[in-house]
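What follows is a single structure, written as structure tokens, with notes after it.
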Amino acid sequence: DLQSRMPPSDIPELEQLGESFNRMADSLADVEQQRRELVSDLTHELRSPLTVVRGYLEQLAEGTIAGDPELYQRLVGETRRLERLTVDLQELSKVEAGYLSIQRQPLDLYPLLVKLQQRFADQLLEEGPELILAAPSSLPPVLADPDRTEQILVNLIGNAVRYTPSGAITIDAHLGNDQEKNNLLWVTVTDTGIGIAAGDLPYVFERFWRADKSRSRYSGGTGLGLAIAKRLVELQGGNLLVRSTLGQGSEFSFSLPLV
Ligand code: ADP
């Protein structure tokens, strides 16, 4: 029983044993609480696309609605979201359980930034934002896992693209220090998009959190991208920070240790 406690004791050895038992019980209760919250969040996230898909399929089967390309597109969209959700969840659970192997090695970020700039620029619409790579080509190498670092950038740039109807998205990098005076490279992704309200900022890195559930669902978001990115940055010894002004834009920046 996670609620049971060891009573205080006059015998020092027993008292000590009781204290460590109680600490263990507390942390087990925390884990149990987190597990419950995850299952409840997850149920909620899975239910809404499933309900939409089932509803349409039933009506199609009954013949009360006719299939048209737009409807099929909607169904494909909802199933894609379910798929992304399972992929993201698997990723997040691996990171949280510590199963993810991080292969840190000296890494030149510039070629990776060029590759991603090209990949995302190809997806941008004519009337959409510009994607600018402002980082200098001569960046000092960082100690980081290439795949995980790419994933962090894909999540941040992908968000910037999703939440920036027009203007510019700028990828930049500069040197900095942390509190222990370690040398770091900071990478920033700045956008001129919809921004995030000051009151919402503390929650952006929480899993499943979205500023506007309906809008983000529509744009295919799972609410897991930033939670994953934050943990991936921290596993590599860095920090992920956000600054944003509603209606004006956001800046996400993360640090990686220099070699
Ligand atoms: P999602 O899959 O919903 O984008 P994320 O974890 O990546 O999930 O982001 C969580 C929420 O943070 C988003 O739903 C959105 O409300 C907000 N957000 C993230 N990036 C940006 C951005 N660049 N501009 C404005 N809002 C953002």
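Laid out as a table, the results:
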| item | result |
| --- | --- |
| q = 0.09, 0.14, 0.16 Å⁻¹: log10 I(q)/I(0) that the Debye formula gives for the chain, counting C-alpha atoms only | -0.54, -1.05, -1.24 |
| Gyration tensor verdict on segment 99-162 (Cα atoms; rounded if a/c is under 1.5, prolate if a/b is larger than b/c, oblate otherwise) | oblate |
| Most to least accessible of 6, 24 (protein chains only, probe 1.4 Å) | 24, 6 |
| About the Cα centre, charge dipole magnitude for segment 1-40 (Lys/Arg +1, Asp/Glu -1 at Cβ), debye | 220 |
| Cα Rg, Dmax (largest Cα-Cα span) when computed across segment 76-131, Å | 16.3, 42 |
| Binned Cα-Cα distances of segment 111-205, short to long, each 5 Å bin given as a whole percent | 3, 11, 21, 22, 18, 15, 7, 2, 0 |
| The chain: antiparallel DSSP beta bridges as a percent of all, rounded to 5 | 85 |
| Between segment 44-97 and segment 142-204, the alpha-carbon center distance in angstrom | 29 |
| Ordering of 242-255, 103-116 by burial proxy (mean other Cβ atoms within 10 Å per residue, highest first) | 242-255, 103-116 |
| In Å², nearest 10: area of residue 43 left accessible to a 1.4 Å probe | 60 |
| Ranked by how many other beta carbons lie within 10 Å on average, peptides 130-138, 12-20, 162-170 from highest | 162-170, 130-138, 12-20 |
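The values are calculated or read from the model by the stated rules, or taken from the named source; none is laboratory data. Predicted, not measured: the structure shown is a model, and the values here were computed from it. Neighbour counts run over all protein chains shown; Cβ positions are idealised from the backbone, glycine included. Ligands, DNA and RNA are stripped out before the accessible areas are found, and what is left, the full protein with its side chains, is counted by its heavy atoms. Shrake-Rupley method; radii C 1.70, N 1.55, O 1.52, S 1.80 Å.
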